[in-house]
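The values are calculated or read from the model by the stated rules, or taken from the named source; none is laboratory data. None of the values given here were measured: they were computed from a predicted structure. Cβ placement follows ideal geometry from the backbone for every residue including glycine, while neighbour counts extend to all protein chains displayed.
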Amino acid sequence: MSLGPTRYAARPQGRRAWRLAAALALLAAVLWWVEPERVWAELQRADGGWLLAGLLSSAAANALSAWRWRAGVRWLGFEVPLRWALPVYFRGVAANVVLPGAVLGGDMLRAWSLHRRGVPVLEAGVSVVLDRFSGLWGLGLLGCLALVVGSVSGHGDGLQSALHALGLSGFLPVMVVVAAVLAVAMALSPYMVLRVSASHDMYWAPLQRPAWRWWRQLATHAPARHWGQQLVGSLAVQAASVTTLFAGLHAVGAPLPWAGVALAAVPIFVLATLPVSFGGWGTREAAAVAVLVPLGIDAPAAVAASVLYGLAPIAQAPLALLPCDDRDGRADATASDGR
């Protein structure tokens, strides 16, 4: 009798258990370092108005994410209604709350739901990867813009203080110039890459394989319009997410200029997506301490704001119960002529 299937089936469960243990251990270490009672005191005195603002901005970020994902599906040549994409996206959010491995559980759920509507497995998976790529790209772009705008508008004092503490106080002008160049490059480079691959046969030939049909679709199906939608959507999503963290900091009495929060959110949000976590817990709190403390925020307040940010998706879990009939129609293929 072969034990192969049993052994391989046990491996994912072992990895999930390891990730959960690692996330809990990291979260416990952060809480122990900043003293749990101090974090609890910050949470107890949190302002209700700011908590509500953070919850609403978090829900708005997820609703905008659903719109962006649907726009990406349309870019790939398929049409699904927004009334279907919204509840499916919130189901993914709920899955991320309870499943180990950061955002992977919810992503798999969305891809499978899209495939059930008739989208091929390849395009369904690519739509989710494209959605994540667009989100991270928008986060980096927003961080660059926040650094430039915050410094020009005179809200870069916190960053200047952090650089001074690190012995890098003279590098702010250079960082601003680099951030401005990066912002322009990040906004234009995906479109330019797609245009080059579509207009030059020497680059196009390797992409003739069936596994790359999704790339050909992206390159030929109105790339300027669709990338513009992704860019605007991602900036809106990340702005709403930053506002959630901004509201959490204000709720615990640790205000920071919005531009400063947007810049700090880049490493915090990126580390929260690492698969060595449980819904982002642990890595997000560690990153919050590492990034926000140099900006003048007390460690307990930084952890408390991160905890409030993590609780917002849990509070939205009931939205996963929004009616959504997976049998209400199949995804319609759209024309690839740029309509």
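Filter segment 57-70 down to the residues that are in contact with a Gly (Cβ under 8 Å, 6 or more places away or on another chain) and surrounded by 22 or more Cβ atoms within 10 Å (Cβ to Cβ), then identify the one that is farthest from Q217 (Cα to Cα).
The selected residue is S65.
Being within 18 Å of the chain's Cα centre (by Cα) and among the charged types (D, E, K, R) narrows it down to one residue among D47, D131; which is it? First the steps, then the outcome.
Working: D47 fails: within 18 Å of the chain's Cα centre (by Cα).
None of the other options fit; the residue is D131.
In segment 71-93, what residues are assigned to a helix (DSSP H, G or I) and among the aromatic types (F, W, Y)? Spell out how you get there, then give the answer.
We begin by selecting, within segment 71-93, every residue assigned to a helix (DSSP H, G or I); these are 71-75, 82-93.
Those that are assigned to a helix (DSSP H, G or I) and among the aromatic types (F, W, Y): W75, W84, Y89, F90.
Of everything in segment 58-80 that's modelled with pLDDT of 95 or more and of a type in the set (D, E, K, R), which residue is nearest to A111 (Cα to Cα)?
Filtering first and then ranking leaves R70.
Is there any pair linking a residue in segment 69-84 that is within 16 Å of V126 (Cβ to Cβ) to one that is at pLDDT 95 or above and of a type in the set (K, R), with Cβ under 7 Å and at least six apart or on different chains, and which?
V80/R70
Considering only residues that are over 16 Å from S306 (Cβ atoms) and assigned to a loop (DSSP other than H, G, I, E, B), which ones fall in segment 33-54?
R45, D47, listed by residue number.
Rundown of residues vs (1) surrounded by fewer than 24 Cβ atoms within 10 Å (Cβ to Cβ); (2) under 26 Å from P36 (Cβ atoms); (3) at pLDDT 90 or above, yes/no style:
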{"position": "L231", "(1), (2), (3)": "yes, no, yes"}
{"position": "Q238", "(1), (2), (3)": "no, no, yes"}
{"position": "A251", "(1), (2), (3)": "no, yes, yes"}
{"position": "A262", "(1), (2), (3)": "no, no, yes"}
{"position": "V266", "(1), (2), (3)": "yes, no, yes"}
{"position": "W281", "(1), (2), (3)": "yes, yes, no"}
{"position": "V291", "(1), (2), (3)": "yes, yes, yes"}
{"position": "D298", "(1), (2), (3)": "yes, yes, yes"}
{"position": "Y309", "(1), (2), (3)": "no, yes, yes"}
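How many residues does segment 282-296 hold that are under 18 Å from the mean Cα position of the chain (by Cα), of a type outside the set (S, T, Y) and in a helix (DSSP H, G or I)?
Residues that pass the stated criteria total 6.
Residues in segment 256-266: is at least one within 22 Å of Q316 (Cα to Cα) and either assigned to a helix (DSSP H, G or I) or charged (D, E, K, R) (or both)?
Within segment 256-266, one or more residues are within 22 Å of Q316 (Cα to Cα) and either assigned to a helix (DSSP H, G or I) or charged (D, E, K, R) (or both).
List every residue pair whose Cβ atoms lie under 9 Å apart, where the two residues are 6 or more positions apart in sequence or sit on different chains, the first residue falls within segment 107-123 and is in contact (Cβ under 8 Å) with a residue 60 or more places away in the chain, and the second residue, located anywhere, is hydroxyl-bearing (S, T, Y).
Cβ pairs passing all conditions: L114/S127; V119/S127.
Take the residues in segment 152-203 that are touching a Ser or Thr at 6+ places or on another chain (Cβ under 6 Å) and either of a type in the set (A, V, I, L, M) or crowded, with 16+ Cβ neighbours inside 10 Å (or both), then tell me which one is modelled with the lowest pLDDT.
So, considering only residues that are touching a Ser or Thr at 6+ places or on another chain (Cβ under 6 Å) and either of a type in the set (A, V, I, L, M) or crowded, with 16+ Cβ neighbours inside 10 Å (or both), the one modelled with the lowest pLDDT is L163.
Taking L147 as meeting all but one of (1) over 21 Å from A61 (Cα atoms); (2) without any contact (Cβ under 8 Å) to a residue 24 or more places away in the chain; (3) in contact with a helix residue (DSSP H, G or I) (Cβ under 6 Å, 6 or more places away or on another chain), write down the number of the exception.
(2)
For (1) among the basic types (K, R); (2) more than 27 Å from V93 (Cβ to Cβ); (3) at pLDDT below 85, each residue gets a yes or a no:
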residue: R19; (1), (2), (3): yes, no, yes
residue: A29; (1), (2), (3): no, no, yes
residue: V39; (1), (2), (3): no, no, no
residue: L43; (1), (2), (3): no, no, no
residue: L56; (1), (2), (3): no, no, no
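Can you list residue pairs whose Cβ atoms sit under 8 Å apart, with the first residue in segment 289-316 being at positive phi and the second being in a helix (DSSP H, G or I) and of a type outside the set (F, W, Y)? Count only pairs 6 or more apart in sequence or on different chains.
G296/G158; G296/S161; G296/A162
How many residues are in a helix (DSSP H, G or I) and surrounded by fewer than 20 Cβ atoms within 10 Å (Cβ to Cβ) if we restrict to segment 112-136?
Here the count works out to 10.
Within the bounds of segment 94-105, is there any residue that is in a loop (DSSP other than H, G, I, E, B), modelled with pLDDT under 90 and closer than 27 Å to V178 by Cβ?
Within segment 94-105 (the criterion being in a loop (DSSP other than H, G, I, E, B), modelled with pLDDT under 90 and closer than 27 Å to V178 by Cβ), the answer is no, since none of the residues qualifies.
Any residue in segment 270-281 that is assigned to a helix (DSSP H, G or I), touching a residue at least 12 places away in the same chain (Cβ under 8 Å) and not aliphatic (A, V, I, L, M)?
No; the residues of segment 270-281 include none that is assigned to a helix (DSSP H, G or I), touching a residue at least 12 places away in the same chain (Cβ under 8 Å) and not aliphatic (A, V, I, L, M).
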